[in-house]
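Below is one structure; the comments refer to it alone.
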Amino acid sequence: MILNTESVNNLLDLYRSKKVLLEGSIIKVLEKEKYSKEFLDYLKVCKEKDIQSRKKRLEVTKEVQIQNKELLMAAKENEKLTLDLKIALKDAETLRDDAMEDLELLQQKTQFELVGTIVRIALGVIVGVGVITSVMYGLAIVSGYDTDIIGSTWSNMFGILLTNAFSIVGTIMGVKYASEKTN
């Protein structure tokens, strides 16, 4: 390719005034034998600057590629960590739910045992009072004492004991029923 004299002069003036050079493949296709020494020196400078800028662009491209690889590796690692965290969170939630179920079961068992203990003691006291009162009434009959007052007291005592026994059992069953979860 051959440039006319006016184009050559314009390129040289542009270089002198603004330091703008030709770049790229255009430098390679110009026929160098047809121009003045000044324009050939200009083309030589253009070629050197073009080589330098290509090297810089290549270095930047390589740096960007390295950074992209590092970013991709970091993204993969981040994704793996996120997945591991999700799995760990799910495992922790499962363990929490299991612990809550175990705690609830333990509380129900403890409550059931407590209710059973209260019922046994209350019934034991009621039976004990009934037995002691009956023995005293029996001794009074056998000993020949007047049992009119003791008999009515004994009868009232058994009525009160039975009422209290049913009251205790009913209260405990009501509390147990009220504390159960409804589905």
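The values are calculated or read from the model by the stated rules, or taken from the named source; none is laboratory data. Here the structure is a predicted model, which is why all the values come from computation and not from measurement. Glycine gets a Cβ as well: all are built from the backbone with ideal geometry, and neighbour counts include every protein chain shown.
Picking from L72, L14, L58, which residue would you name as being in a helix (DSSP H, G or I), modelled with pLDDT under 90 and out of contact with any Pro (no Cβ under 7 Å at 6 or more places or on another chain)?
Criteria check complete, one pass: L14.
Going by the conditions given, is S25 modelled with pLDDT under 85 and farther than 30 Å from A178 by Cα?
Yes: the conditions hold for S25.
So if I check each of V175, V119, V129, V142, which one is loosely packed, with under 10 Cβ neighbours inside 10 Å and either in a helix (DSSP H, G or I) or more than 36 Å from the chain's Cα centre (by Cα) (or both)?
Every option except V142 fails the conditions.
Answer yes or no as to whether E70 is exposed (fewer than 10 other Cβ atoms within 10 Å of the Cβ) and either of a type outside the set (S, T, N, Q) or under 47 Å from the mean Cα position of the chain (by Cα) (or both).
No, not satisfied.
Go through the stretch 119-142 and give me each residue that's of a type in the set (A, V, I, L, M, F, W, C), out of contact with any Ser or Thr (no Cβ under 7 Å at 6 or more places or on another chain) and farther than 12 Å from L162 by Cα.
Scanning the stretch 119-142 gives V119, I121, V131, I132, V135, M136, L139, V142.
How about the stretch 145-168: which of its residues are within 60 Å of the chain's Cα centre (by Cα) and exposed (fewer than 14 other Cβ atoms within 10 Å of the Cβ)?
Those that are within 60 Å of the chain's Cα centre (by Cα) and exposed (fewer than 14 other Cβ atoms within 10 Å of the Cβ): I160, L162, T163, F166, S167.
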